[in-house]
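Q: Before I ask anything, let me first share the structure, which is written out below as structure tokens.
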Amino acid sequence: MAMTASGCGSGDGSSAAESVSSAAEQTTASSAAVTEVTTVETAPSTTQHPAKEASEYGKVLALTFDDGPNTTCTPYVLDLLEKYDARASFFVIGNNINEESAQVMKRAYDMGCEINNHSRTHSYMNKMDADEIKEEIKYTSELVEKYTGEQPRFFRPPYIAVNQTMFDSIDLPFINGKGCNDWDDKVSAETRIEKVLEQAEDGAIILLHDADMNFQTVQALETLIPELQKQGYELVTLTELFFAKGITPVSDSTPKIYSNCMQEGNWS
Ligand SMILES: [Zn+2]
């Protein structure tokens, strides 16, 4: 199975950040004669963001994909993101990570995408006790770190089933999203496109699935990504979405779950 794990190589974000930092080093090195050094505040990560300020973003939208990684659907999603120079966030299931699918996950990370936590077993976690909940999170976060070098920054609850024990036990912001029932084979690619476009707005989090064999979502993305870009949206990771709007997502015991980074209420 020819996964082009290395073919898509380092993303633009990473190389841009590297060239900025090496430029900064040169500036520092040669600044003996130059007294004024300009410092620019950029996003906190050098790998998952282009080096730019929050004020440089216009309309932003985060495409998010649940239930991977796999070698049937995820690579096609990545091909399209790469084709249109877009970034997305993947909420992976720990038990789906094996030697092959991990290479796909690594490819996503290297492209500037973000790898987040969607539990280990994809069970109803609102029926678990605190220790079971923590184990679900720990297992997946450690595997993601093993393959990408970085731990997940966000959590999406399986079935969006939550309770206070989960908010108390999980030290990550909870993410919902605006969905289009794309886990259901009976929902056509056309309907998926329409529903996403209806719900698109500045700061929105779109909930999609790169589940095994979910080709109708791949088909929908072929239209959706260029259309959203045509409408002026920059497609960014979740970390970048919050950064662009100057918002720190809550990760304490507050029972808040985001479908738009700017949402006021706890739930939408
Ligand atoms: Zn799921």
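Q: Over the stretch 44-258, what is the mean sequence separation of C-alpha contacts under 8 Å (at least six apart), divided by residue count, expressed as relative contact order in percent?
A: Normalised by residue count, the contact order of the stretch 44-258 is 32 percent.
Q: On a straight-distance basis, which lysines could pair with K83 in a cross-link, Cα separation under 19 angstrom, same-chain partners fewer than 8 positions away excluded?
A: Reachable lysines: K106, K230.
Q: Determine, for S259, S253, the number of other Cβ atoms within 10 Å of each Cβ, and report the residues in order from fewest to most.
A: Values: S259 19, S253 14.
Listed from fewest to most nearby Cβ atoms, that is S253, S259.
Q: If you take every residue apart from I193 with its C-beta less than 14 Å away from the C-beta of I193, what net charge results, scoring Lys and Arg +1 and Asp and Glu -1?
A: Summing Lys/Arg as +1 and Asp/Glu as -1 gives -2.
Q: Moving on to the next point. Based on Cβ point charges of +1 for Lys and Arg and -1 for Asp and Glu, what charge dipole magnitude is obtained for the stretch 174-218 about its Cα centre, in debye rounded to the nearest 20?
A: It works out to roughly 60 debye.
Q: Sort 219-226, 129-136, 78-85 for me by packing, meaning the mean count of neighbouring Cβ atoms within 10 Å per residue, highest on top. Don't skip to the end; give the middle numbers.
A: Details: 219-226: 19.8, 129-136: 15.1, 78-85: 17.4.
The most tightly packed comes first, giving 219-226, 78-85, 129-136.
Q: Which of the chymotrypsin sites (Phe, Trp or Tyr not before Pro) across the stretch 106-142 are loop residues per DSSP, with 16 or fewer other Cβ within 10 Å?
A: Y124
Q: Which aspartates and glutamates, on any chain, are close to K52 with Cα under 18 Å apart, when same-chain ones fewer than 8 places away are left out?
A: Cα-Cα hits under 18 Å: D12, E18, E25, E41, D85, E114, E234, E240.
Q: What's the ranking of 58-69, 94-105 by average number of surrounding C-beta atoms within 10 Å, highest first?
A: On the way: 58-69: 24.4, 94-105: 18.2.
By packing density, highest mean first, the sequence is 58-69, 94-105.
Q: On to the next question. Report the charge-dipole magnitude of the stretch 44-258 in Debye, nearest 20, computed about the Cα centre from +1 at each Lys and Arg Cβ and -1 at each Asp and Glu Cβ.
A: Result for the stretch 44-258 is approximately 280 debye, rounded to the nearest 20.
Q: Rank the residues T72, T248, T237 as a footprinting-exposure proxy: fewest other Cβ atoms within 10 Å of their Cβ go first. Numbers along the way, then the final one.
A: Numbers: T72 17, T248 8, T237 28.
By the 10 Å Cβ count, ascending: T248, T72, T237.
Q: Put +1 on the Cβ of each Lys and Arg and -1 on the Cβ of each Asp and Glu in the stretch 44-258; which of V187, T72, I257 then has its Cα farthest toward the positive end of the dipole?
A: The listed residue farthest towards the positive side: I257.
Q: While we're here: Label K83 and D185 with points 7 Å out from Cα along Cα→Cβ: what is the distance between them in nm?
A: The answer from the label model is 2.4 nm.
Each reported figure results from applying straightforward, stated rules to the coordinates on display, with no laboratory input. What you see is a predicted model; the values in this text were computed from it and never measured. Note that each Cβ is placed from the backbone with ideal geometry, even for glycine, and that neighbours are counted across all protein chains shown.
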